[in-house]
Amino acid sequence: MTITQATLQDIPGVLALLKANHADHVTDKTNGFVTTNMTEEQMAALIRQENGVTVAKGGEKIVAFALAASWKFWSAWPFFAHMIEELPKFRFAGRPLTTENSYQYGPVCVDGAYRGSGVFEQVFAASLASMRGRYPLMATFINQINPRSYAAHTRKAGMEEVGRFDYNQNHYYLMACATQPQTTRG
């Protein structure tokens, strides 16, 4: 297994895994799902502008990925624009979350055949490390009907729920952690 930052050549594999695990294509949502759609152009911009795609490869196959980028990058998506408005309402480790001190992580996805193998933890750690020099805090959301993702992020990644918010008749947990390992728990 190789964990690395994605290149433009990895885009088809990342998009295939994203599509296969998107809520629009998953019938059994108890095994987890993602809700962010991306085009090939958006994924290329994420790689070029933010270096924000961490991948796990089993041979040449993309078996997991985690996306991460500044709030500015994500602001074109209406959902993330809403999150940016909500962000100042939440605190982590006594600090307010802002677009300057935090970035948006996710979605993250692991191929079903590789779940439980430790690849999630490896991709999460590598993604977090890739943004460490730019931001002290990371934030994300988890749909409240996705208990698999909530369990993975709280139990395996040490993230903390810092609040809840609603958008488009869905209910979400706002999650956060520090990018420095010694201060991951608030």
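Would the stretch 108-115 turn up any residue that is closer than 17 Å to residue 176 by Cβ, crowded, with 19+ Cβ neighbours inside 10 Å and at pLDDT below 95?
Yes: the stretch 108-115 contains one or more residues that are closer than 17 Å to residue 176 by Cβ, crowded, with 19+ Cβ neighbours inside 10 Å and at pLDDT below 95.
For the stretch 105-126, enumerate the residues that are part of a helix (DSSP H, G or I) and within 20 Å of residue 60 (Cβ to Cβ).
Within the stretch 105-126, 112, 113, 114, 119, 122, 123, 126 qualify.
Given the conditions (1) out of contact with any Gly (no Cβ under 9 Å at 6 or more places or on another chain); (2) charged (D, E, K, R); (3) part of a strand (DSSP E or B), report the number of the one that residue 57 does not fulfil.
Of the numbered conditions (1) out of contact with any Gly (no Cβ under 9 Å at 6 or more places or on another chain); (2) charged (D, E, K, R); (3) part of a strand (DSSP E or B), the odd one out for residue 57 is (1).
Within the stretch 44-62, track down each residue that is at pLDDT 95 or above and over 14 Å from residue 12 (Cβ atoms).
45, 46, 48, 49, 50, 51, 52, 54, 56
Would you point out the residue of the stretch 128-186, among those that are in a loop (DSSP other than H, G, I, E, B) and charged (D, E, K, R), that is surrounded by the fewest Cβ atoms within 10 Å (Cβ to Cβ)?
185
When you check residue 144 against the structure, is it modelled with pLDDT of 90 or more, polar (S, T, N, Q) and more than 18 Å from residue 176 (Cβ to Cβ), yes or no?
So residue 144 fails the test.
Would you point out which residue out of 137, 97, 128 is closer than 23 Å to residue 38 by Cα and either touching a residue at least 12 places away in the same chain (Cβ under 8 Å) or within 12 Å of the chain's Cα centre (by Cα) (or both)?
128
The values are calculated or read from the model by the stated rules, or taken from the named source; none is laboratory data. These figures come from a predicted structure and were not determined experimentally. Because the Cβ atoms are built from the backbone with ideal geometry, glycine has one as well, and the counts that use them run over all protein chains shown.
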